[in-house]
Amino acid sequence: MRYGQQDPHDLGLVTSPPYDVINAAALETLRASHPHNIVRLILPRPGEEVAERLQEWLRDGVLVRDDDPGLYVYEYAGHGRRVRGLVGALGLRDFADRIVLPHEDVMPGPVAGRASLMRSTRSNLEPILLVYDGDGTASDAVDATTDAPPLVTTLAPDGSEHTVWRIDEPATLRAIAADLAPRQALIADGHHRYAAYRQCQQTQPGDAWSYGLAMLVDQSRHPLHLGPIHRVARGLALSSVADTPATAGDLGWTAYGADGAGAHAALDAVTDGNAFLATDGRAWGILHGRLGEVETAALHDLLLPQWGVADDDVLYVHDASNAVSRAVDVGGTALLLRAPDVSAVVAASSRGLMLPRKTTSFGPKPRMGLLLRLLDG
């Protein structure tokens with residue numbers, strides 16, 4: 001299912017970022033940008049009949065459904081990076097099969113909200129984002145498809161470029177399926193939506209609920225950027241971090257005084273073990289040692305409890321300088337992390353381990369609204 005608009009300008013105005021990165025001000029801006037912006041479906045106001053709105057848009061031709069099944073190649077470019085992937089219906093299997101690898105815990109509220117929206121609209125309105133180590137036949141087919149004229153192309157309001165192609169040749173679809181069948185994929189974005197897929201699969205009758213809309217990116221050929229998500233511990237004194245007992249993991253503290261630049265350089269130079277750059281905005285230091293293969297797990301399972309920091313007192317900030325500012329504002333300590341290693345995250349997830357939420361920050365993320373999936377015939 002796609003928007004019927006063919007004008008690239010109009011098509012750009014009906015798209016949006018993923019629902020969970022849109023704040024209240026951005027939501028109102030998106031709603032005002034176009035009467036058919038996708039946020040009117042994925043983030044309706046209380047009391048709005050979103051299922052009726054979806055059906056109205058289908059009747060009026062705002063949204064159209066392709067007659068025949070197929071896969072789609074979606075490429076987007078912006079922020080100095082070009083991402084290319086395959087969009088289609090992902091077969092949902094038991095977690096124990098270790099085919100799709102979730103690696104972060106989810107919260108019941110967002111899962112219930114996304115599942116309710118899926119059930120009421122009988123659709124998947126937003127693809128989840130998966131990465132895998134491919135470089136095979138499927139990736140060859142994706143790249144070859146981009147030589148053909150695109151199905152749609154548009155420029156989003158944020159300046160990013162978006163292009164979609166369609167694959168419907170039976171032999172190509174079979175070759176892609178055969179290449180992907182034995183592989184694993186890691187959830188890069190959409191843990192709550194994937195959990196909602198699984199919830200709907202278990203509670204809704206019909207084979208259509210055994211699939212969920214997904215975008216699959218070959219991390220070896222068209223990689224997403226993987227960055228850290230920093231922590232700010234409200235009320236945590238920097239001295240408590242510096243005085244952490246070396247009871248396990250051979251922990252050590254190196255003070256840098258007011259030399260924030262030197263501390264950052266030292267963090268970047270660490271090549272083994274775990275390292276956390278800590279600051280209260282005035283003094284800087286690095287806590288280092290050997291606590292585990294994924295640093296967020298070591299931080300949340302071992303260090304934060306040892307410092308007496310409750311989950312509700314942990315703030316999550318993507319930008320390092322913003323994290324430092326927040327630490328000053330709340331009277332706490334910013335814990336600046338290095339980008340996690342993809343192979344370590346995959347290894348942990350393959351063993352069935354769930355990491356703390358907001359362990360990974362893959363980007364840039366796809367734009368919502370270009371490809372949707374209607375479950376009814």
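Any read-out appearing in this document is the output of simple, stated calculations on the displayed coordinates, not a laboratory observation. Only a predicted model underlies this, so the values are computations on that prediction, with no experimental measurement involved. Cβ sites come from the backbone with ideal geometry, for glycine too, and all protein chains shown count toward neighbours.
Report the extension gain between ARG81 and ALA25 in nm, rounded to one decimal, defined as 0.36 nm multiplied by the number of residues separating them, less their alpha carbon distance.
Between ARG81 and ALA25, full extension yields an extra 17.5 nm.
Would you order LEU71, LEU63 from fewest to most other beta-carbon atoms within 10 Å of each residue's own beta-carbon?
In increasing order of surrounding Cβ atoms, one gets LEU71, LEU63.
How far is it, in nm, from the label point at VAL328 to the one at GLU169 when both lie 7 Å from their Cα along the line to the Cβ?
If labels sit at VAL328 and GLU169, their model points lie 5.9 nm apart.
Report the label-to-label distance for ALA339 and ASP133 in nanometres (one decimal), using points 7 Å from each Cα along the Cα→Cβ vector.
For the pair ALA339/ASP133, the computed spacing is 1.7 nm.
Mind checking the full-extension length gain between GLU48 and ARG98? Use 0.36 nm per residue of separation minus the Cα-Cα distance, one decimal, nm.
14.2 nm
For a Förster distance of 56 Å, can you work out the FRET efficiency between the beta-carbons of ASP158 and ALA242, rounded to the nearest 0.05?
It comes to 0.85.
Return the whole-Å distance between the Cα centroid of segment 304-376 and the Cα centroid of segment 48-95.
First find each Cα centre; the distance between them is then 26 Å.
Helix 50-59 sits at what angle to the longest principal axis of the chain, using alpha carbons and giving 0 to 90 degrees rounded to 10?
40
Please rank THR333, THR145, THR203, THR15, fewest neighbouring Cβ atoms within 10 Å first, as an exposure proxy.
Fewest-to-most ranking of THR333, THR145, THR203, THR15: THR203, THR145, THR15, THR333.
Let me have the 222 nm mean residue ellipticity of the chain computed from DSSP H runs of 4+ only, each contributing -39500 (n - 2.57), with the sum over all residues rounded to the nearest 500.
After summing the helix terms and dividing by residue count, I get -9000 deg cm²/dmol.
Hey, of (1) -0.26, -0.46; (2) -0.22, -0.39; (3) -0.19, -0.34, which did the structure itself give for log10 I(q)/I(0) by the Debye sum over Cα atoms at q = 0.06, 0.08 Å⁻¹ when calculated?
It is the one labelled (1).
Helix 260-269 versus the longest principal axis of the chain: what is the Cα-based angle in degrees, 0 to 90, to the nearest 10?
Computed tilt is about 70 degrees.
Hey, can you grab everything whose amide H is under 5 Å from the amide H of GLY4? Only 5+ residues off in sequence or another chain; H modelled, so Pro and N-termini drop out.
Amide H neighbours of GLY4, under 5 Å, 5+ apart: LEU63, VAL64.
Shape verdict for segment 229-338, please, from the Cα gyration tensor: rounded (a/c under 1.5), prolate (a/b greater than b/c) or oblate.
rounded
What list do you get for TRP165, TRP284, TRP307 if you sort them by fewest beta carbons within 10 Å?
TRP307, TRP165, TRP284
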